[in-house]
Amino acid sequence: MKVGVIGLGQMGTGIAANLLRAGHEVTVYNRTPSKARPLVEKGAYAAAQVADACRGDVVVTMLADDAAVEGVAFGETGLIASLRKGAIHLSMSTISVALSERLTAAHANAGQRFVAAPVFGRPEAAAAARLFIVAAGAPDAVAACTPLFEAMGQRTFPIGDEPQAANLVKLSGNFLTASAIEALGEAMALVGKAGVDRRRYLDLLTSTLFTAPVYELYGRLIAEQRFEPPGFAAPLGHKDIRLTLAAAETLRVPMPFAAVLHDRFLTLLAHGGEALDWSAIGQLAAKDAGQGER
Ligand SMILES: NC(=O)c1ccc[n+]([C@@H]2O[C@H](COP(=O)([O-])OP(=O)(O)OC[C@H]3O[C@@H](n4cnc5c(N)ncnc54)[C@H](OP(=O)(O)O)[C@@H]3O)[C@@H](O)[C@H]2O)c1
(Lines give C-alpha, C1' and ligand atoms only; values in the text may rest on other atoms or scores of the structure.)
Protein backbone atom coordinates (compact mmCIF):
# COMPACT_ATOMS: atom_id res chain seq x y z
CA MET A 1 0.00 0.00 0.00
CA LYS A 2 0.99 3.65 -0.37
CA VAL A 3 1.33 4.86 3.22
CA GLY A 4 2.37 8.07 4.94
CA VAL A 5 3.79 7.99 8.47
CA ILE A 6 3.69 11.22 10.45
CA GLY A 7 5.66 11.20 13.71
CA LEU A 8 9.02 9.50 13.88
CA GLY A 9 9.57 9.30 17.61
CA GLN A 10 10.41 6.12 19.51
CA MET A 11 7.26 4.35 18.31
CA GLY A 12 6.75 5.84 14.82
CA THR A 13 10.29 5.03 13.72
CA GLY A 14 9.85 1.30 14.38
CA ILE A 15 6.40 1.28 12.78
CA ALA A 16 7.64 3.01 9.61
CA ALA A 17 10.63 0.64 9.35
CA ASN A 18 8.35 -2.39 9.60
CA LEU A 19 5.98 -1.03 6.95
CA LEU A 20 8.96 -0.63 4.64
CA ARG A 21 10.20 -4.13 5.47
CA ALA A 22 6.77 -5.53 4.53
CA GLY A 23 7.06 -3.93 1.09
CA HIS A 24 4.77 -0.93 1.47
CA GLU A 25 5.60 2.36 -0.22
CA VAL A 26 6.25 4.66 2.74
CA THR A 27 6.52 8.45 2.87
CA VAL A 28 7.60 9.84 6.25
CA TYR A 29 7.19 13.24 7.87
CA ASN A 30 8.54 14.48 11.18
CA ARG A 31 8.59 17.95 12.77
CA THR A 32 12.32 17.50 13.33
CA PRO A 33 13.31 16.45 9.79
CA SER A 34 16.63 14.79 10.72
CA LYS A 35 14.76 11.83 12.27
CA ALA A 36 13.61 10.82 8.77
CA ARG A 37 17.15 10.16 7.57
CA PRO A 38 17.60 6.53 8.77
CA LEU A 39 14.25 5.62 7.21
CA VAL A 40 15.11 7.29 3.92
CA GLU A 41 18.27 5.17 3.90
CA LYS A 42 15.97 2.14 4.18
CA GLY A 43 13.90 3.25 1.18
CA ALA A 44 11.30 5.70 2.55
CA TYR A 45 10.46 8.96 0.80
CA ALA A 46 10.88 12.08 2.93
CA ALA A 47 7.97 14.53 2.95
CA ALA A 48 8.91 18.18 3.35
CA GLN A 49 5.50 18.99 4.78
CA VAL A 50 2.50 17.17 6.24
CA ALA A 51 0.53 17.35 2.97
CA ASP A 52 3.26 15.45 1.11
CA ALA A 53 2.76 12.47 3.42
CA CYS A 54 -0.98 12.42 2.70
CA ARG A 55 -1.04 11.44 -0.98
CA GLY A 56 -1.52 7.68 -0.51
CA ASP A 57 -4.18 5.22 0.63
CA VAL A 58 -3.49 5.61 4.33
CA VAL A 59 -1.68 8.09 6.56
CA VAL A 60 -0.54 6.88 9.98
CA THR A 61 -0.09 9.38 12.79
CA MET A 62 2.10 8.37 15.75
CA LEU A 63 2.56 11.64 17.62
CA ALA A 64 3.10 12.56 21.26
CA ASP A 65 -0.27 13.99 22.31
CA ASP A 66 -3.50 15.78 21.40
CA ALA A 67 -1.76 19.06 20.60
CA ALA A 68 0.61 17.37 18.17
CA VAL A 69 -2.19 15.46 16.41
CA GLU A 70 -4.40 18.56 16.23
CA GLY A 71 -1.47 20.50 14.82
CA VAL A 72 -0.97 18.14 11.89
CA ALA A 73 -4.62 17.20 11.32
CA PHE A 74 -6.39 20.55 11.10
CA GLY A 75 -5.62 23.74 9.17
CA GLU A 76 -5.24 24.67 5.51
CA THR A 77 -2.17 22.53 4.90
CA GLY A 78 -3.06 19.81 7.39
CA LEU A 79 -3.84 16.16 6.98
CA ILE A 80 -7.62 16.58 6.59
CA ALA A 81 -7.22 19.26 3.92
CA SER A 82 -4.71 17.09 2.04
CA LEU A 83 -6.05 13.54 2.14
CA ARG A 84 -8.07 12.40 -0.88
CA LYS A 85 -11.68 11.24 -0.53
CA GLY A 86 -11.96 7.67 0.74
CA ALA A 87 -8.42 7.63 2.07
CA ILE A 88 -7.83 6.60 5.68
CA HIS A 89 -6.29 8.41 8.63
CA LEU A 90 -4.95 5.66 10.90
CA SER A 91 -4.41 7.34 14.26
CA MET A 92 -2.11 5.28 16.49
CA SER A 93 -1.14 7.85 19.13
CA THR A 94 -2.62 7.66 22.62
CA ILE A 95 -4.97 10.64 22.42
CA SER A 96 -8.13 11.78 24.17
CA VAL A 97 -11.55 10.34 23.53
CA ALA A 98 -12.75 13.88 22.76
CA LEU A 99 -10.15 14.46 20.03
CA SER A 100 -10.88 11.06 18.52
CA GLU A 101 -14.56 12.09 18.27
CA ARG A 102 -13.61 15.39 16.65
CA LEU A 103 -11.40 13.63 14.12
CA THR A 104 -14.12 11.10 13.30
CA ALA A 105 -16.53 13.95 12.48
CA ALA A 106 -13.97 16.04 10.58
CA HIS A 107 -12.87 13.13 8.39
CA ALA A 108 -16.48 12.13 7.70
CA ASN A 109 -17.22 15.72 6.63
CA ALA A 110 -14.27 15.59 4.24
CA GLY A 111 -15.37 12.23 2.77
CA GLN A 112 -12.42 10.44 4.36
CA ARG A 113 -12.23 7.47 6.74
CA PHE A 114 -10.85 7.48 10.28
CA VAL A 115 -9.53 4.50 12.22
CA ALA A 116 -8.22 4.74 15.77
CA ALA A 117 -5.61 2.08 16.50
CA PRO A 118 -3.60 2.89 19.61
CA VAL A 119 -1.09 0.26 20.71
CA PHE A 120 0.25 -1.64 23.70
CA GLY A 121 4.00 -2.32 23.68
CA ARG A 122 7.09 -0.22 24.17
CA PRO A 123 9.59 0.94 21.49
CA GLU A 124 11.31 -2.49 21.49
CA ALA A 125 7.97 -4.07 20.56
CA ALA A 126 7.39 -1.44 17.86
CA ALA A 127 10.82 -2.16 16.37
CA ALA A 128 10.22 -5.93 16.48
CA ALA A 129 6.69 -5.73 14.96
CA ARG A 130 5.32 -7.16 18.21
CA LEU A 131 2.79 -4.47 19.09
CA PHE A 132 -0.71 -5.25 20.32
CA ILE A 133 -3.10 -3.06 18.35
CA VAL A 134 -6.56 -1.95 19.53
CA ALA A 135 -8.50 -1.00 16.40
CA ALA A 136 -11.87 0.70 16.00
CA GLY A 137 -13.70 2.33 13.12
CA ALA A 138 -15.98 1.45 10.23
CA PRO A 139 -15.45 -2.28 9.48
CA ASP A 140 -14.39 -1.64 5.85
CA ALA A 141 -11.79 0.89 6.98
CA VAL A 142 -10.41 -1.37 9.72
CA ALA A 143 -10.26 -4.26 7.23
CA ALA A 144 -8.39 -2.08 4.72
CA CYS A 145 -5.71 -1.46 7.37
CA THR A 146 -5.15 -5.17 8.07
CA PRO A 147 -1.98 -5.50 5.92
CA LEU A 148 -0.49 -2.59 7.86
CA PHE A 149 -1.45 -4.07 11.23
CA GLU A 150 0.13 -7.36 10.18
CA ALA A 151 3.38 -5.57 9.35
CA MET A 152 3.66 -3.80 12.70
CA GLY A 153 2.02 -5.95 15.34
CA GLN A 154 1.62 -9.46 16.72
CA ARG A 155 -2.14 -9.22 17.22
CA THR A 156 -4.95 -6.80 16.48
CA PHE A 157 -8.01 -6.52 18.71
CA PRO A 158 -11.01 -5.01 16.86
CA ILE A 159 -13.03 -3.18 19.49
CA GLY A 160 -15.99 -1.77 17.57
CA ASP A 161 -17.23 0.70 14.98
CA GLU A 162 -16.68 3.84 17.01
CA PRO A 163 -13.04 4.97 16.82
CA GLN A 164 -13.04 6.64 20.23
CA ALA A 165 -13.73 3.28 21.92
CA ALA A 166 -10.18 2.20 21.01
CA ASN A 167 -8.76 5.35 22.61
CA LEU A 168 -10.77 4.75 25.77
CA VAL A 169 -9.61 1.13 25.96
CA LYS A 170 -5.99 2.18 25.50
CA LEU A 171 -6.27 4.82 28.25
CA SER A 172 -7.86 2.28 30.59
CA GLY A 173 -4.92 -0.05 29.93
CA ASN A 174 -2.36 2.61 30.78
CA PHE A 175 -4.31 3.45 33.93
CA LEU A 176 -4.03 -0.22 34.93
CA THR A 177 -0.31 -0.32 34.13
CA ALA A 178 0.39 2.85 36.10
CA SER A 179 -1.61 1.40 39.01
CA ALA A 180 0.59 -1.72 38.91
CA ILE A 181 3.72 0.46 38.84
CA GLU A 182 2.57 2.46 41.87
CA ALA A 183 1.55 -0.69 43.77
CA LEU A 184 4.89 -2.37 42.99
CA GLY A 185 6.73 0.75 44.13
CA GLU A 186 4.87 0.81 47.45
CA ALA A 187 5.35 -2.92 48.09
CA MET A 188 9.05 -2.71 47.24
CA ALA A 189 9.52 0.33 49.47
CA LEU A 190 7.98 -1.64 52.32
CA VAL A 191 10.10 -4.76 52.03
CA GLY A 192 13.17 -2.86 50.83
CA LYS A 193 13.25 -0.63 53.89
CA ALA A 194 13.21 -3.73 56.07
CA GLY A 195 16.29 -4.99 54.25
CA VAL A 196 14.72 -7.60 51.95
CA ASP A 197 16.54 -7.89 48.61
CA ARG A 198 14.27 -6.29 45.97
CA ARG A 199 15.36 -8.60 43.15
CA ARG A 200 14.66 -11.72 45.19
CA TYR A 201 11.34 -10.26 46.20
CA LEU A 202 10.47 -9.62 42.55
CA ASP A 203 11.50 -13.17 41.64
CA LEU A 204 9.05 -14.44 44.24
CA LEU A 205 6.23 -12.24 42.93
CA THR A 206 6.72 -13.04 39.27
CA SER A 207 7.14 -16.79 39.89
CA THR A 208 3.93 -17.12 41.86
CA LEU A 209 0.80 -14.98 41.68
CA PHE A 210 2.11 -12.01 39.65
CA THR A 211 3.33 -13.61 36.44
CA ALA A 212 2.07 -10.93 34.04
CA PRO A 213 4.51 -9.09 31.73
CA VAL A 214 3.57 -5.81 33.37
CA TYR A 215 4.90 -6.98 36.77
CA GLU A 216 7.99 -8.56 35.20
CA LEU A 217 8.97 -5.53 33.12
CA TYR A 218 8.15 -2.75 35.55
CA GLY A 219 9.15 -4.74 38.63
CA ARG A 220 12.63 -5.09 37.14
CA LEU A 221 12.90 -1.40 36.27
CA ILE A 222 11.86 -0.42 39.81
CA ALA A 223 14.04 -3.03 41.56
CA GLU A 224 17.04 -1.89 39.53
CA GLN A 225 16.00 1.80 39.59
CA ARG A 226 16.62 1.89 35.86
CA PHE A 227 14.55 4.82 34.58
CA GLU A 228 16.89 6.13 31.88
CA PRO A 229 16.76 6.26 28.94
CA PRO A 230 12.96 6.44 28.96
CA GLY A 231 11.12 3.88 26.82
CA PHE A 232 7.92 5.74 27.64
CA ALA A 233 8.63 9.20 28.99
CA ALA A 234 7.07 10.46 32.24
CA PRO A 235 5.28 13.44 30.59
CA LEU A 236 3.48 10.97 28.28
CA GLY A 237 2.46 8.84 31.28
CA HIS A 238 1.14 11.95 32.99
CA LYS A 239 -0.77 12.82 29.81
CA ASP A 240 -2.44 9.39 29.76
CA ILE A 241 -3.67 9.62 33.34
CA ARG A 242 -4.92 13.15 32.64
CA LEU A 243 -6.83 11.85 29.61
CA THR A 244 -8.18 8.90 31.61
CA LEU A 245 -9.54 11.32 34.21
CA ALA A 246 -11.04 13.53 31.47
CA ALA A 247 -12.85 10.53 29.97
CA ALA A 248 -13.97 9.46 33.45
CA GLU A 249 -15.30 12.95 34.12
CA THR A 250 -17.32 12.94 30.89
CA LEU A 251 -18.73 9.49 31.60
CA ARG A 252 -19.30 10.31 35.30
CA VAL A 253 -17.11 7.44 36.50
CA PRO A 254 -15.28 8.17 39.74
CA MET A 255 -11.73 6.73 39.58
CA PRO A 256 -10.04 7.46 42.90
CA PHE A 257 -6.87 5.52 41.99
CA ALA A 258 -6.47 7.60 38.83
CA ALA A 259 -6.56 10.78 40.92
CA VAL A 260 -3.74 9.41 43.12
CA LEU A 261 -1.71 8.48 40.03
CA HIS A 262 -2.20 11.96 38.61
CA ASP A 263 -0.65 13.38 41.78
CA ARG A 264 2.21 10.87 41.62
CA PHE A 265 3.08 12.00 38.09
CA LEU A 266 2.89 15.65 39.13
CA THR A 267 5.29 14.91 41.99
CA LEU A 268 7.69 13.15 39.65
CA LEU A 269 7.60 16.00 37.11
CA ALA A 270 7.90 18.65 39.84
CA HIS A 271 11.09 16.96 41.05
CA GLY A 272 12.77 16.99 37.66
CA GLY A 273 11.53 13.68 36.27
CA GLU A 274 10.75 14.97 32.74
CA ALA A 275 13.43 12.85 31.11
CA LEU A 276 12.76 9.66 33.10
CA ASP A 277 10.68 6.65 32.17
CA TRP A 278 7.13 6.82 33.52
CA SER A 279 7.93 3.86 35.80
CA ALA A 280 9.96 6.32 37.91
CA ILE A 281 6.74 7.00 39.85
CA GLY A 282 7.55 3.55 41.25
CA GLN A 283 10.46 4.94 43.24
CA LEU A 284 8.51 7.76 44.91
CA ALA A 285 7.24 5.48 47.69
CA ALA A 286 10.81 4.53 48.65
CA LYS A 287 11.79 8.17 48.71
CA ASP A 288 8.76 9.03 50.84
CA ALA A 289 10.01 6.31 53.18
CA GLY A 290 13.32 8.12 53.55
CA GLN A 291 15.27 5.88 51.18
CA GLY A 292 17.20 8.27 48.89
CA GLU A 293 16.39 11.78 47.74
CA ARG A 294 13.71 12.72 45.24
N1 LIG B 1 6.84 4.81 24.07
C2 LIG B 1 5.95 3.88 24.42
O3 LIG B 1 6.27 2.92 25.13
C4 LIG B 1 4.53 3.96 23.91
C5 LIG B 1 3.74 2.81 23.96
C6 LIG B 1 2.42 2.88 23.51
C7 LIG B 1 1.91 4.06 23.03
N8 LIG B 1 2.70 5.19 23.02
C9 LIG B 1 2.10 6.43 22.50
O10 LIG B 1 2.62 6.62 21.19
C11 LIG B 1 2.73 8.03 20.92
C12 LIG B 1 4.17 8.36 20.53
O13 LIG B 1 5.01 8.01 21.62
P14 LIG B 1 6.62 7.98 21.49
O15 LIG B 1 7.12 7.23 22.65
O16 LIG B 1 6.98 7.60 20.10
O17 LIG B 1 6.93 9.53 21.73
P18 LIG B 1 8.24 10.35 21.31
O19 LIG B 1 9.40 9.45 21.11
O20 LIG B 1 8.33 11.46 22.29
O21 LIG B 1 7.84 10.96 19.88
C22 LIG B 1 6.85 11.95 19.79
C23 LIG B 1 6.63 12.33 18.33
O24 LIG B 1 5.66 13.39 18.29
C25 LIG B 1 6.23 14.51 17.61
N26 LIG B 1 5.68 15.74 18.19
C27 LIG B 1 5.59 16.06 19.50
N28 LIG B 1 4.98 17.26 19.65
C29 LIG B 1 4.70 17.68 18.39
C30 LIG B 1 4.05 18.84 17.88
N31 LIG B 1 3.56 19.79 18.70
N32 LIG B 1 3.92 18.94 16.53
C33 LIG B 1 4.37 17.99 15.71
N34 LIG B 1 4.99 16.87 16.12
C35 LIG B 1 5.14 16.72 17.45
C36 LIG B 1 7.71 14.39 17.81
O37 LIG B 1 8.40 15.16 16.85
P38 LIG B 1 9.91 15.66 17.11
O39 LIG B 1 10.79 14.52 16.74
O40 LIG B 1 10.05 16.85 16.25
O41 LIG B 1 10.00 16.00 18.59
C42 LIG B 1 7.88 12.88 17.62
O43 LIG B 1 7.80 12.55 16.26
C44 LIG B 1 2.24 8.76 22.18
O45 LIG B 1 0.90 9.09 22.04
C46 LIG B 1 2.42 7.69 23.27
O47 LIG B 1 1.54 7.91 24.35
C48 LIG B 1 4.00 5.16 23.42
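Would you check which residues across region 72-81 are surrounded by 14 or more Cβ atoms within 10 Å (Cβ to Cβ) and out of contact with any Cys (no Cβ under 7 Å at 6 or more places or on another chain) and list them?
Val72, Ala73, Phe74, Gly78, Ile80, Ala81
Among the residues of region 82-100, is there at least one that is within 16 Å of the ligand (Cβ to nearest atom), in contact (Cβ under 8 Å) with a residue 40 or more places away in the chain and surrounded by fewer than 17 Cβ atoms within 10 Å (Cβ to Cβ)?
yes
Which condition does Ala138 not pass, out of (1) within 26 Å of Gln10 (Cβ to Cβ); (2) surrounded by fewer than 24 Cβ atoms within 10 Å (Cβ to Cβ), if it passes all the others?
Checking Ala138 against (1) within 26 Å of Gln10 (Cβ to Cβ); (2) surrounded by fewer than 24 Cβ atoms within 10 Å (Cβ to Cβ), the one that fails is (1).
Listed here are the residues, each with its yes/no results for (1) closer than 22 Å to Leu243 by Cβ; (2) at pLDDT 95 or above; (3) among the aromatic types (Phe, Trp, Tyr).
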{"position": "Ala17", "(1), (2), (3)": "no, yes, no"}
{"position": "Val28", "(1), (2), (3)": "no, yes, no"}
{"position": "Gln49", "(1), (2), (3)": "no, yes, no"}
{"position": "Arg55", "(1), (2), (3)": "no, yes, no"}
{"position": "Gly75", "(1), (2), (3)": "no, no, no"}
{"position": "Gly78", "(1), (2), (3)": "yes, yes, no"}
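Output the number of residues of region 1-44 satisfying the condition of being surrounded by fewer than 18 Cβ atoms within 10 Å (Cβ to Cβ), more than 13 Å from the ligand (Cβ to nearest atom) and without any contact (Cβ under 8 Å) to a residue 24 or more places away in the chain.
4
For Arg226, which of the numbered conditions (1) assigned to a loop (DSSP other than H, G, I, E, B); (2) touching an Asp or Glu at 6+ places or on another chain (Cβ under 6 Å) fails to hold?
(2)
Looking at region 145-158, is at least one residue surrounded by fewer than 22 Cβ atoms within 10 Å (Cβ to Cβ), more than 22 Å from Arg264 (Cβ to Cβ) and of a type in the set (Gly, Ala, Ser)?
Within region 145-158, one or more residues are surrounded by fewer than 22 Cβ atoms within 10 Å (Cβ to Cβ), more than 22 Å from Arg264 (Cβ to Cβ) and of a type in the set (Gly, Ala, Ser).
The values are calculated or read from the model by the stated rules, or taken from the named source; none is laboratory data. Model, not experiment: these values are computed from the prediction. Using ideal geometry, Cβ is built from the backbone for each residue, glycine included, and neighbour counts are taken over all protein chains shown.
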